[in-house]
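The values are calculated or read from the model by the stated rules, or taken from the named source; none is laboratory data. Remember, it's a predicted structure, so these values are computed and weren't measured experimentally. Every residue, glycine as well, gets a Cβ built from its backbone with ideal geometry; the counts of neighbours run over all protein chains shown. Calculation scope for accessible area: heavy atoms of the full protein, side chains included, ligands and nucleic acids excluded. Shrake-Rupley method; radii C 1.70, N 1.55, O 1.52, S 1.80 Å.
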Amino acid sequence: MRHQPHIPRKRFGQNFLQKQDIIDDILHVIGPQPDDLMVEIGPGLGALTTPLARALKQLHVIELDRDIVKTLHEKHDNGNVVIHEGDALKFNFASLGARLRIVGNLPYNISTPLLFYLTEYIAHVRDIHVMLQKEVVERMVAAPDTSAYGRLSVALQYRFEMEKVLDVGPDAFYPQPKVDSAVVRMLPRVKREPAATDEALFARIVTTAFSQRRKTLRNTLRNILELADFEVLNIDAGARAETLSVSDFVQIANWVTEQQKTF
Ligand code: SAM
């Protein structure tokens, strides 16, 4: 039976990898080993799936597009690929086991919520290698005092060691995206130093501080910190959020918790 060619769907963020040297480079940075417990988000037409399945005893994949899932079944039934049809944003990653290796060329339209969703499963994660818009990867790995540094940098750097491992141009895909892409490696931090005693509060403070990034901390955090608090914390109230390190934010959150301030 001849298949109709799949027409890429924009709403599912479908940009399929087609350049073999880039596919090889991605496989190289992932470095699959036969016994790895690996899950691929958005296998699509299988550019990464097929070589990964060859290298592994078993591979889990999560795909939302029903037509693609049908093709995946035709291609991989009786093989070592376990197909999960559904939304990666609702998938229970803990159900697969511990020491998970998560990989994927992510649908860019949901990449940020997906990164936050994956942090909920961090206890089950060994590592993550994902392709995203380069601009997002740059925000993830950004250092303080740079324009790319923000909520995403702080929230993710608190939990992961991150490194940009590959740059990928638009011509590696069909259809070509309008933006450059990059692959990022994320390793859960073994020990968070210092740790936030209330992580939800930490997240709220980071979001609030960056909500108006051109304003001073005195302004953005006025509902939780008085000038005296800034002094105790040794943080300049006249500075902006982008000057604070991850541990500065943790320190603020822990101080607010300690003082039993409500926020
Ligand atoms: N891995 C393939 C490749 O590299 O050629 C396809 C990558 S394409 C950028 C993203 C894939 O994720 C598509 O197959 C798309 O259908 C799928 N997808 C989109 N939204 C999804 C979601 N919420 N959950 C799971 N898969 C999704």
Which translational diffusion coefficient, to the nearest whole µm²/s, is obtained for region 1-43 from the Stokes-Einstein equation, given a Kirkwood hydrodynamic radius over C-alpha pairs, 37 °C and 0.692 mPa s? 249 µm²/s
Within the accessible area of region 165-229 (1.4 Å probe), percent carbon and sulfur: 50 percent
On a straight-distance basis, which aspartates and glutamates could pair with Lys90 in a cross-link, Cα separation under 17 angstrom, same-chain partners fewer than 8 positions away excluded? Glu40, Glu63, Asp65, Glu120
Taking a ≥ b ≥ c as the square roots of the eigenvalues of the Cα gyration tensor of the chain, is the shape rounded (a/c under 1.5), prolate (a/b larger than b/c) or oblate? prolate
Return a whole-number percent for the relative contact order of the chain, with Cα pairs under 8 Å and 6 or more residues apart as the contact set. 16 percent
For a Förster distance of 35 Å, can you work out the FRET efficiency between the beta-carbons of Lys191 and Asp167, rounded to the nearest 0.05? 0.70
Loop-resident sites, region 10-103, for trypsin sites (Lys or Arg not before Pro), counting at most 16 other Cβ within 10 Å (DSSP): Lys19, Lys57, Lys90, Arg99
Sites Ser147 and Ala98 - FRET efficiency at Förster radius 41 Å, r taken between beta-carbons, to 0.05: 0.60
Å² of accessible area per residue within the chain, as computed with a 1.4 Å probe and no ligands counted: 51 Å²
So how strong a dipole does the chain carry about its Cα centre when Lys and Arg Cβ are +1 and Asp and Glu Cβ are -1, to the nearest 20 debye? 540 debye
Would region 199-258 count as rounded, prolate or oblate if I go by the C-alpha gyration tensor, calling it rounded below 1.5 in a/c and otherwise prolate when a/b exceeds b/c, oblate otherwise? rounded
Per-residue [θ]222 nm for the chain (sum of -39500 (n - 2.57) over DSSP H runs n ≥ 4, rounded to 500): -10000 deg cm²/dmol
Region 141-198: trypsin sites (Lys or Arg not before Pro) in DSSP coil with no more than 12 other Cβ atoms inside 10 Å: Lys178, Lys191
Most mobile listed residue (Leu114, Leu27, Leu233) in the chain, GNM with C-alpha springs under 10 Å: Leu233
Please compute the alpha carbon radius of gyration of region 1-94, then divide it by the globular-protein estimate 2.2 N^0.38 Å. Two decimals is fine. 1.07
Name the longest site-free stretch of the chain, where the excluded sites are GluC sites (Glu not before Pro) in a DSSP loop with no more than 15 other beta-carbon atoms within 10 Å. 1-119
Can you give the extra length, in nm with one decimal, that the chain gains between Thr207 and Leu89 once fully stretched, where that is 0.36 nm per residue apart less the Cα-Cα distance? 40.4 nm
Any chance you could run the full-extension gain for Glu258 through Arg11? It's 0.36 nm times the residue separation minus the Cα-Cα distance, nm to one decimal. 84.4 nm
Counting only C-alpha contacts under 8 Å and six or more residues apart, can you give the relative contact order of region 199-258 as a whole percent? 39 percent
Lys19 versus Asp67, label points 7 Å from Cα toward the beta carbon: distance in nm? 2.6 nm
The percentage of the accessible area of region 1-69 (probe 1.4 Å, all protein chains present) made up of carbon and sulfur atoms, to the nearest whole number, is 51 percent
